[in-house]
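What follows is a set of notes on a single structure, which appears directly below.
The values are calculated or read from the model by the stated rules, or taken from the named source; none is laboratory data. These numbers come from a predicted model, not from an experiment. Neighbour counts run over all protein chains shown; Cβ positions are idealised from the backbone, glycine included. Quick note on the areas: whole protein, heavy atoms, side chains included, nothing else; ligands and nucleic acids left out. Shrake-Rupley method; radii C 1.70, N 1.55, O 1.52, S 1.80 Å.
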Amino acid sequence: MGDGVTALDRLSSDVPDWLDRDAWARIKLNLEGPGAREHWKHSSLAKTLEALVGTERSVDEDLGELPNGVETLRFSEADSATLEVIRQRLAHRMDWSRYPLADVVNLIAQDGWMIRVRRSLDTPLIIDAPSGINSPVIIEIAPGAQVELHEVSHATGVQARLINIVIGRDAKLVHARHDFVSDCEHWQLLRVTLDDNASYQLHSHVVGARLRRIDCQILLEGNGATAELTGTGITNDGTHLDQRHVVEHIGRATTSRNKLHNIAKGKSRCTFNGRIHIHAGASGTDADLQNKNLALHESSEINTKPELEIYDDDVKCAHGATVGQLDEHALFYLGSRGIEPSLAKRLLCIGFITECIDGPLADELRGELLRHLDS
Amino acid sequence: MSLLQVDDLHVTVDGKLILKGLTLTIEAGEVHAIMGPNGSGKSTLANVLAGRPGFEITSGTVNFEGVDLTPLEPHQRAHAGMFLAFQYPIEIPGVSNMEFLKAANDSQRAAAGLEARSAVEFMKSVRTLAESLDLNPDFLKRGVNEGFSGGERKRNEILQMLMLEPKLAVLDETDSGLDIDALQTVANGINRYHNSGNAVLLITHYQRLLNYVVPDQVHVLADGRILESGDRRLAEKLEAEGYAWVTA
């Protein structure tokens with residue numbers, strides 16, 4: 001980490017009012033700590049840090065036209081009470097040692113957005129993330145609201161995003177996100193906290209990039225909260241994709257489903273780490289995590305590691321991870337119907353990712369993923 | 001020239017000799033049935049005709065309309081007119097049945113120098129075929145064989161046969177696991193497919209399918225060879241007396 005930490009010299013030492021005063025002090029500690037080494041085993045933290053500190057905050061940020069029922073506020077314009085709320089939101093159950101770059105992004109951005117969704121929305125809330133270091137975003141979904149969020153990005157170069165979502169009691173958020181640009185270095189942290197009986201669905205579809213690392217932490221705090229995470233990843237020759245999902249079951253009778261299919265092509269690296277953490281007192285938890293990977297080339301590298309940490313007895317928990325090649329029986333079946341091997345392989349790949357394509361934008365996403373599959 | 005001419009075929013699977021000199025001739029317009037005890041090599045014959053990897057021909061010949069079938073890949077055999085209805089049709093999640101059928105049809109038409117059928121026309125004809133086999137057309141939207149019952153999978157195989165119109169249909173225990181109604185539906189599909197220009201090779205354990213699809217010849221395959229051949233009365237005798245008198 002030596003070079004990366006040296007790069008911190010280029011970082012502003014001004015800690016904005018909405019951030020903990022000790023943010024600056026803990027950065028170096030966390031970047032060099034054992035957590036960073038463990039959680040960045042398959043991506044270079046030093047290179048990512050170097051890329052981030054060499055990048056300006058995004059200048060073309062614009063939340064655009066937002067649906068009725070949505071209010072926005074710049075962190076820099078918040079009153080003291082709201083500043084306290086922001087600080088609490090950002091620090092809530094935050095493991096800074098696991099996500100050491102969060103402080104870096106906050107310090108570069110210097111400002112952020114609070115987006116408050118007061119009621120159910122008739123149209124999707126759209127976040128179109130620009131290039132550069134994006135301002136951190138807190139999205140609050142009011143109790144009982146039903147909301148659809150589309151998070152898209154066409155940014156090239158370096159990009160970093162911090163999105164912190166809080167879903168109120170009985171509210172439901174369907175979140176479709178995709179990153180289809182390979183010409184970039186991208187790091188993102190998505191944190192979602194759910195209150196009682198709140199529901200969250202994530203449909204995440206991404207391709208590898210020069211460097212792409214996506215961290216996702218789900219906090220099922222409320223009793224009866226549910227989260228369904230579904231996604232696909234495709235790495236083409238020369239690209240890198242590292243996704244990490246942490247699901248924390250904290251409330252009683254919470255449910256999580258996590259299903260991710262990846263395809264690695266050419267000389268590429270595709271990593272998934274999924275962790276289910278069931279806290280003491282989270283009785284009635286029902287958790288399932290499934291990660292399947294296809295390696296289409298000898299030099300395709302796949303790393304997958306499902307992890308369970310359980311501190312309650314009254315739980316149902318299952319996990320599985322597979323790494324393999326295309327099923328020879330299926331290839332023969334398709335061949336026996338006259339389908340040429342190249343088309344048969346393509347069909348099986350399509351089927352493999354289609355299993356995980358659902359929700360808003362499904363048709364568009366399928367088309368886009370097929371384009372990357374064929375490239 | 002025979003449609004299929006198999007001579008003195010020897011086949012190993014994982015180094016074990018399974019077929020030990022099998023000879024069989026099938027002419028266009030004929031229906032043949034192969035019966036035999038478990039482990040006799042019936043499914044091996046079906047798979048080796050379709051070109052499944054792992055089935056090694058160590059000696060003997062297989063000619064299809066006078067052309068050596070053995071160097072051809074599975075898809076090339078299908079283009080030549082060979083069809084295998086699988087004993088255990090596999091699931092392919094995420095690939096819809098309709099998408100699969102269209103890909104198969106397009107591939108075979110392209111190999112024959114024909115243009116692909118329009119999607120609308122194709123879908124309409126497949127739906128009609130599905131209904132004729134008591135398959136709910138909604139099944140066409142689902143993944144290939146995904147969540148299908150055993151009987152539905154077998155009917156789906158017959159649907160593919162009817163859609164692809166091969167020259168030789170090898171049906172590997174297509175009747176197993178079917179109730180009486182489904183058996184009749186499958187048999188009707190086979191009879192609808194069969195004409196003077198093509199042929200059917202039925203591999204079965206039971207005589208009951210042959211009540212509906214009448215074979216021109218019945219063969220007993222045991223220990224890798226055809227030991228007995230006859231007309232449909234041979235199947236009735238096997239049903240009544242078993243295989244002991246043949247294999248003794």
Q: Please give every one of the aspartates and glutamates within straight-line cross-link reach of A:LYS28, meaning a C-alpha to C-alpha distance under 14 Å, and leave out same-chain neighbours fewer than 8 residues apart.
A: A:ASP3, A:ASP9, A:GLU50, A:ASP103
Q: Please work out the C-alpha center-to-center distance from segment A:151-225 to segment A:88-125 and express it in whole Å.
A: 11
Q. Once both labels are modelled 7 Å past Cα along the beta-carbon direction, what's the B:ASN195-A:ASN303 spacing in nm?
A. 6.1
**Q.** Partner lysines for B:LYS124 [C-alpha distance under 18 Å; skip if fewer than 8 residues away on the same chain]
**A.** B:LYS102, B:LYS141
Q: Show the residues, 5+ positions off or on another chain, whose built amide H is closer than 5 Å to the amide H of B:GLY60.
A: B:HIS10
(Q) Rounded to the nearest 5, what % of DSSP beta bridges with both residues in the protein assembly as shown are antiparallel? (A) 20
Q. In whole Hz, what ³J(HN,Hα) sequence does segment A:236-252 give by Karplus (6.51, -1.76, 1.60; θ = phi - 60°), x for Gly and Pro?
A. 8, 3, x, 10, 9, 9, 9, 10, 10, 10, 10, 10, 9, 8, 10, x, 7
Q. Can you give the FRET efficiency for A:LEU73 and B:MET123, using 1/(1 + (r/R0)^6), R0 = 45 Å, r = Cβ-Cβ distance, to the nearest 0.05?
A. 0.30
(Q) Skipping prolines and chain starts, which residues have an amide H placed within reach, meaning under 5 Å, of the one on A:ALA227, given they are 5 or more residues away or on another chain? (A) A:TYR200, A:THR255, A:SER256, A:ARG257
**Q.** Percentage relative contact order, segment A:2-327, counting C-alpha pairs under 8 Å, at least six apart
**A.** 11
(Q) List, by residue number, every residue in segment B:51-66 with a reduction of 10 Å² or greater in accessible area between the chain on its own and the complete protein assembly, 1.4 Å probe. (A) B:ARG52, B:PRO53
Q: Report the label-to-label distance for B:TRP245 and A:ILE310 in nanometres (one decimal), using points 7 Å from each Cα along the Cα→Cβ vector.
A: 6.1
**Q.** Accessible surface of A:CYS317 - all protein chains present, 1.4 Å probe, nearest 10 Å²
**A.** 40
**Q.** C-alpha center-to-center spacing [segment A:28-48, segment B:1-43] in angstrom
**A.** 63
Q: Could you please state, rounded to a whole Å, how far the C-alpha centre of segment A:325-375 is from the C-alpha centre of segment B:89-126?
A: 14
(Q) Residue by residue through segment B:134-151, what is 3J(HN,Hα) from phi via Karplus (6.51 cos²θ - 1.76 cosθ + 1.60, θ = phi - 60°)? Round to whole Hz and write x for glycine and proline. (A) 6, 9, 4, x, 4, 4, 5, 7, 7, x, 4, 6, 6, x, 6, 6, x, x
Q | A versus B: buried accessible surface, summed, Å² (probe 1.4 Å, to nearest 100) | A | 2000
Q) Quick one: putting +1 on the C-beta of Lys and Arg, -1 on the C-beta of Asp and Glu, what dipole do you get for segment A:2-327 around its Cα centre, in Debye to the nearest 20? A) 640
Q. How do B:GLU236, B:GLU241, A:GLU307 rank by accessible surface area computed with a 1.4 Å probe, from largest to smallest?
A. B:GLU241, B:GLU236, A:GLU307
Q.
Can you find, among B:ALA169, B:GLN108, B:HIS205, the residue sitting farthest towards the positive end of the charge dipole of segment B:88-215, where Lys and Arg contribute +1 and Asp and Glu -1 at Cβ?
A. B:GLN108
Q: With θ set to phi - 60°, apply the Karplus curve 6.51 cos²θ - 1.76 cosθ + 1.60 along segment A:123-133 and write out the HN-Hα couplings as whole Hz, x wherever there is a Gly or Pro.
A: 10, x, 7, 10, 10, 9, 7, x, 5, x, 7
Q: Could you work out the relative contact order of segment A:229-276, using alpha carbon pairs under 8 angstrom and six or more residues apart, expressed as a whole percent?
A: 57
**Q.** Fraction of beta bridges assigned by DSSP in segment A:2-327 that are antiparallel (%, nearest 5)
**A.** 5
(Q) Once R0 is set to 22 Å, what does the formula 1/(1 + (r/R0)^6) return for the Cβ-Cβ distance between A:ARG210 and A:LEU370, expressed as a FRET efficiency to the nearest 0.05? (A) 0.45
Q: For A:LYS267, list the aspartates and glutamates whose Cα falls under 13 Å from its own Cα; do not include residues on the same chain fewer than 8 positions away.
A: A:ASP237, A:GLU298, A:GLU301
Q | Relative packing of peptides A:282-294, B:164-176, A:46-58 - highest average C-beta neighbours within 10 Å first | A | B:164-176, A:282-294, A:46-58
Q) Once amide H atoms are built 1.01 Å from N in the peptide plane, which residues 5 or more positions from A:VAL158, or in another chain, come under 5 Å H to H? A) A:GLY132, A:GLU185
Q: Could you work out, residue by residue across A:352-360, how many beta carbons of other chains sit within 10 Å of that residue's beta carbon, and then give the average as an integer?
A: 2
